[in-house]
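Engineer: Next up is a structure, given as structure tokens.
No value in this document is a laboratory result; all are computed from the given coordinates. Every value quoted in this text rests on a predicted model; they were computed, and no experiment measured them.
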Amino acid sequence: MWRIIGALLLVGLIVVAVKVAILLLFLAGLIFRTKETIGLIAILAVFALLAKYPVAGFALIGVLVLIAIIRAAKSS
């Protein structure tokens, strides 16, 4: 019984350690590579939007693709 409780506590500690590491990586990214980190946060926000509201998420992706096509056409 104690081994099971110990294993569950160990898994919980590992999950907390990974969450703290991810948070610190985001903070370091914001300090040293701001544009890339903000882009990554935006991509994660779009994924969250897709998970919660698929229609709105696909509409946002469509608008972003349309903007990218227009910019590519203007630059060439």
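Engineer: From the square roots a ≥ b ≥ c of the eigenvalues of the alpha-carbon gyration tensor of the stretch 34-76, which class results: rounded (a/c under 1.5), prolate (a/b over b/c), or oblate?
Structural biologist: oblate
Engineer: Then there is this: Please give the contour-minus-distance gain from Leu27 to Ser75: 0.36 nm per residue of separation, less the Cα-Cα distance, rounded to one decimal in nm.
Structural biologist: So the chain would gain 13.9 nm between Leu27 and Ser75.
Engineer: With springs only between Cα atoms under 10 Å apart, run a GNM on the chain and tell me which of Ala28, Ala42, Ala17 wobbles the most.
Structural biologist: Comparing Ala28, Ala42, Ala17 in a Gaussian network model of the chain, the most mobile one is Ala17.
Engineer: Which of the following values of Cα extents along the principal axes in Å was calculated from the structure shown: [x] 66, 34, 14; [y] 42, 33, 19; [z] 50, 26, 19?
Structural biologist: [x]
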